[in-house]
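Structure, as structure tokens:
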Amino acid sequence: MVKIDAEAQAQAALKHLSGDPVMSGLIEQWGPLHLAQTNDYFFTLVEAVASQQLSSKAADTIIGRIRALVPNKTKIEAEDILAVPDQSLRNAGLSWGKVGYVKDLAKRVASGELHLGRISEMEDEEIIKELVAVKGIGRWTAEMFLIFSLARPDVFAVDDYGLRAAMKRLYNLPDLPKPGPMREMAEPWRPYRSYASLYLWRSMGGTVG
């Protein structure tokens, strides 16, 4: 796991983003927001798959049930999920499609096809390419992994509805922005677009950072 100096990175991000008047206002309102690394990569991805197209409350309930299927372990490994019967995962609240996705993820990790042990040493686009090869993991899920597990500072998920809605409101746009204009607007935020995203999400009521 490649360690980062989270505080130094956050301070550099705040200094850079303060050049944008809208970002400056959000920083003044919410104070410093931070990215934090995790080392539980496998179950973080399980959580991401389980949470797709669900409210936070519903997702938290299902994730809690999945954890209960592997009692007495704080860190659930791929082999643990492979040992859980498909029907038990379905009973926990996963759709059959998501059961298949979670098992495909577990098989790839257990076999070494997806080597999570070295993923933190890879470049962002390399990681996205590795993850989207797993059934049920698209670019958005991979980008969330980069931000919230690896604390990568310059990720901008143009397909995220919350970011689109926040940019529309904060920058007085007539419609939800498309990916191209979003990237253009976010260009001055480089190399700290992940931090800008934290502030955009917080402006919409998110609890990130």
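For first residues located in the stretch 104-122 and over 18 Å from residue 136 (Cα atoms), partners that are assigned to a helix (DSSP H, G or I) and lie 6+ apart or on another chain with Cβ distances below 6 Å form the pairs 119/127. The residue list 17, 35 contains one member that is open to solvent by less than 50 Å² (accessible area, probe 1.4 Å), within 14 Å of the chain's Cα centre (by Cα), closer than 21 Å to residue 167 by Cα and among the hydrophobic types (A, V, I, L, M, F, W, C), which is 35.
Within the span defined as the stretch 79-90, one or more residues are in a loop (DSSP other than H, G, I, E, B) and either within 28 Å of residue 158 (Cα to Cα) or not β-branched (Val, Ile, Thr) (or both). In the set 149, 194, only one residue is under 18 Å from residue 17 (Cα atoms) and not hydrophobic (A, V, I, L, M, F, W, C); that residue is 194. Only one of the numbered conditions (1) of a type in the set (A, V, I, L, M); (2) more than 26 Å from residue 205 (Cβ to Cβ); (3) at pLDDT below 95 is not met by residue 109, and that is (3). Looking only at the stretch 159-191, residues that are more than 19 Å from residue 141 (Cα to Cα) and crowded, with 19+ Cβ neighbours inside 10 Å come to 5 in all. Taking the criterion of being surrounded by 15 or more Cβ atoms within 10 Å (Cβ to Cβ) and not hydrophobic (A, V, I, L, M, F, W, C), the residues of the stretch 192-209 that qualify are 192, 193, 194, 195, 197, 199, 202, 203, 206, 209. Scanning the stretch 47-83 for residues that are under 19 Å from the mean Cα position of the chain (by Cα), open to solvent by 60 Å² or more (accessible area, probe 1.4 Å) and hydroxyl-bearing (Ser, Thr, Tyr) turns up 55, 56, 61. Taking the stretch 85-140 as the range and being aliphatic (A, V, I, L, M) and within 17 Å of the chain's Cα centre (by Cα) as the test, the residues that pass are 102, 105, 116, 119, 122, 127, 128, 131, 132, 133, 134, 137. Among the residues of the stretch 99-127, write down those that are farther than 18 Å from residue 83 by Cβ, open to solvent by less than 50 Å² (accessible area, probe 1.4 Å) and among the charged types (D, E, K, R). Within the stretch 99-127, 124 is the sole residue that qualifies. Does residue 97 count as modelled with pLDDT of 95 or more, more than 21 Å from residue 39 (Cα to Cα), part of a loop (DSSP other than H, G, I, E, B) and among the small types (Gly, Ala, Ser)? The answer is no for residue 97.
Quick check, is residue 46 over 21 Å from residue 88 (Cα atoms) and part of a helix (DSSP H, G or I)? So residue 46 fails the test. Among residues of the stretch 167-191 that are without any contact (Cβ under 8 Å) to a residue 60 or more places away in the chain, those with a beta-carbon under 6 Å from a residue that is of a type in the set (A, V, I, L, M) and open to solvent by 40 Å² or more (accessible area, probe 1.4 Å) at least six positions away or on a different chain give the pairs 168/176.
Counting residues in the stretch 39-57 that are within 28 Å of residue 166 (Cα to Cα) and among the charged types (D, E, K, R) gives one or more. Taken over the stretch 20-32, the residue count meeting the criterion of being assigned to a loop (DSSP other than H, G, I, E, B), at negative phi and surrounded by fewer than 16 Cβ atoms within 10 Å (Cβ to Cβ) is 1.
The values are calculated or read from the model by the stated rules, or taken from the named source; none is laboratory data. No experiment lies behind these values; they were computed from the predicted model shown. Cβ sites come from the backbone with ideal geometry, for glycine too, and all protein chains shown count toward neighbours. Each accessible area value is taken on the protein alone, full model and side chains, heavy atoms only, with ligands, DNA and RNA left out. Shrake-Rupley method; radii C 1.70, N 1.55, O 1.52, S 1.80 Å.
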